[in-house]
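Can you read through this structure? Questions will come right after.
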Amino acid sequence: MNANATITLVTSSRFGDHDIRGEEHPEVAARLQCISDQLQAGNLAPLLRYVEPTEAGRQWLLTFHNDSWLFRFEEEVLSGRSFIGHQDNQVCYETFAVAQLAAGAAINGVDLVEGGSGGPVFCAVRPPGHHAEPNLPLGFCFLNNCVIAARYWQKQHNRRRLCVLDFDAHHGNGIQTAFEEDREVLYISIHEHPSFSFPGTGFAEETCGGRDEGGLLNVPLQPGAGDEQVIAALDGKVAERLAGFRPEALIIAAGFDGHREDDMSGLNYSTALYQMLGERIGGWAREHAGGRVLSILEGGYHLPSLAASVEAYLTGLHSVLAEKN
Ligand SMILES: [Zn+2]
C-alpha cells in the first residue's frame, strides 16, 4: 500500500470512561463508537490504522491551563462531583484522566504527522476542547486539545507558524483566548453568529492581524446558513488569509454540529459539505504546509450525521493528501 494512503485514527476505548452515568447529556461515549462503526463498514476501512494514545504530561497542559485549574479539576472529579461550574460540564471519577488522554492524543497526533506517512491523522477524542479556557471548563470542554497540540508543535518540533482552523458550529473561545495576542498563530473560525449561538463570542469584529501574520479571522454565519455560505467563505477570505500567512502546519478543530440534522446549532450543512471541507483543507496543507495537517474532533451530537460527516471529511482529506506530487 502507498504509505500516503493510510488514514491514522488516534483513539481509545478509554474515552468511553468519561461516562456521565446515563444522565441526559449530548456529549456521550456512543459518539466515538458510531464513528468507528461507520468507518469500519465503509470504503475507507482498508486504509485505517489505529493508534492508542498516551496521556499528556502535565507540562504540556500547563502551556495553556493554570496550575490552579488543573488541581481544581482533579480534586473535584476525585471528590465525586457530577459537574464542574455548570451542568454542561458533567464529570465522573475518570474524567480528569480521560481529558488528559484526549490532550495526549492530540500531542501523539502531532508526532504522527511529523514522522508519518503523509496521510490524514484524525484524533477521535472526547471530551472536546475548544471552549476550555486557561482556568475554567465550558461547553463540555475541560482541556483545550487544539491549543495544547499547537504549543507542543511549536516547542517540540519548532514549527512556529501555525494555523488552527475551526469548523465546529460554535466559536472556539478558548482557542481565541490562546492566540489573539500571538502573531505566530492564526485562528480561523467559521461558526453560527454569536448573537444566536453559544458561547456568544466570535463576532466578525473580533478579527486581527495583518495579511502575512497570525491573529484571528472570525467568520460568523447567520442561522440557516449552509454549504453555499461556507464554500464562499473558504474560497474567499479564508483562502486569502492562508495564502498570506503561509502556515507551517494546520490544526483542524473538526466539529460536525453544523450538520442540518444536529439540533445543537441552526446551521444547515449537508454531509457532502464535510467532504468539500476535507478537500480544501488537504489542498491548503499541501500548498502551504508541506502536507502537515492534524484534525482533532470537537462537537457533533446527532450520531448518524456525525459518523457520516466524519467519513465524508476523511474521504475528502484523504483524496487530496494521497495524490501523487
Ligand atoms: Zn460545537
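Using alpha carbon centroids, what distance separates region 15-50 and region 233-290, in Å?
Using only Cα atoms, the two centres lie 22 Å from each other.
At 222 nm, what helix-only mean residue ellipticity would the chain give, in deg cm²/dmol to the nearest 500, using -39500 (n - 2.57) for each DSSP H run of four or more?
-11500 deg cm²/dmol
Report the GluC sites (Glu not before Pro) located in region 196-254 that are in a DSSP loop and have at most 16 other Cβ atoms inside 10 Å of their Cβ, or state none. Walk me through the numbers on the way to the answer.
Details: sites: Glu205, Glu206, Glu213, Glu228, Glu240, Glu248; in loops: Glu205, Glu206, Glu213, Glu248.
Here the GluC sites (Glu not before Pro) that fit, given the DSSP loop and packing criteria, are Glu205, Glu213.
Considering just Cα atoms, how many Å³ per residue does the convex hull of region 216-259 enclose?
Looking at region 216-259, the number lands at 86 Å³ per residue.
How many percent of Cα pairs in region 51-94 exceed 16 Å? Please report the intermediate quantities before stating the final value.
Numbers: 460 of 946 pairs.
The calculated P(r) of region 51-94 puts 49 percent of pairs beyond 16 Å.
Rounded to the nearest percent, how much of the accessible area of the chain (1.4 Å probe, protein heavy atoms only) is carbon and sulfur?
47
Shifting gears a bit: Which value, in Å², gives the accessible area per residue of region 140-298 when a 1.4 Å probe is used on the protein heavy atoms?
On the way: 5220 Å² over 159 residues.
Computed with neighbouring chains in place, this is 33 Å² per residue.
Same structure again: Taking R0 as 30 Å, what's the FRET efficiency between Phe196 and Arg58 from their Cβ-Cβ distance, rounded to 0.05? Mind showing how you got there, number by number?
On the way: r = 38 Å, r/R0 = 1.26.
My answer for the efficiency is 0.20.
Tally Lys/Arg at +1 and Asp/Glu at -1 over every other residue whose Cβ is under 12 Å from the Cβ of Leu234; what's the total?
With Lys, Arg at +1 and Asp, Glu at -1, the net is -2.
Roughly what would the spin-label model give for Glu323 and Asp37, points 7 Å off Cα along C-beta, in nm?
The modelled label-to-label distance comes out at 3.5 nm.
Then there is this: Past the 25 angstrom mark, what percentage of all C-alpha to C-alpha distances in the chain do you count?
Counting pairs separated by more than 25 Å, the tail of P(r) holds 44 percent.
Sticking with this structure for a sec: Kindly provide the chymotrypsin sites (Phe, Trp or Tyr not before Pro) of region 161-225 that DSSP labels as loop, not H, G, I, E or B, and whose Cβ sees at most 16 other Cβ atoms within 10 Å.
Working: sites: Phe167, Phe179, Tyr187, Phe196, Phe203; in loops: Phe167, Phe196, Phe203.
Of the chymotrypsin sites (Phe, Trp or Tyr not before Pro), the ones in loops of region 161-225 whose Cβ has at most 16 other Cβ atoms within 10 Å are Phe196, Phe203.
Compute the length gained on full extension between Leu78 and Glu213: take 0.36 nm times their separation in residues and subtract their Cα-Cα distance, giving the result in nm to one decimal.
Extra length available between Leu78 and Glu213 comes to 44.3 nm.
OK, next. Local charge sum around Ser12 (other residues, Cβ-Cβ under 11 Å, Lys/Arg +1, Asp/Glu -1)?
Net charge around Ser12: -1.
Separate question: Express the relative contact order of the chain as a whole percentage, based on alpha carbon pairs under 8 Å and six or more residues apart in sequence.
19
Run the numbers for Arg14 and Arg246: contour at 0.36 nm per residue of separation, minus the present Cα-Cα distance, in nm.
79.9 nm
Among the trypsin sites (Lys or Arg not before Pro) within region 104-172, which fall in a DSSP loop and have no more than 16 other Cβ atoms within 10 Å of their own Cβ?
Loop-located and lightly packed - Arg160.
The values are calculated or read from the model by the stated rules, or taken from the named source; none is laboratory data. Computed from a predicted structure; not experimentally measured. Quick reminder, even Gly has a Cβ in these numbers, built from the backbone with ideal geometry, and neighbours come from all protein chains shown. All accessible areas refer to the heavy atoms of the entire protein, side chains included, with ligands and DNA or RNA removed. Shrake-Rupley method; radii C 1.70, N 1.55, O 1.52, S 1.80 Å.
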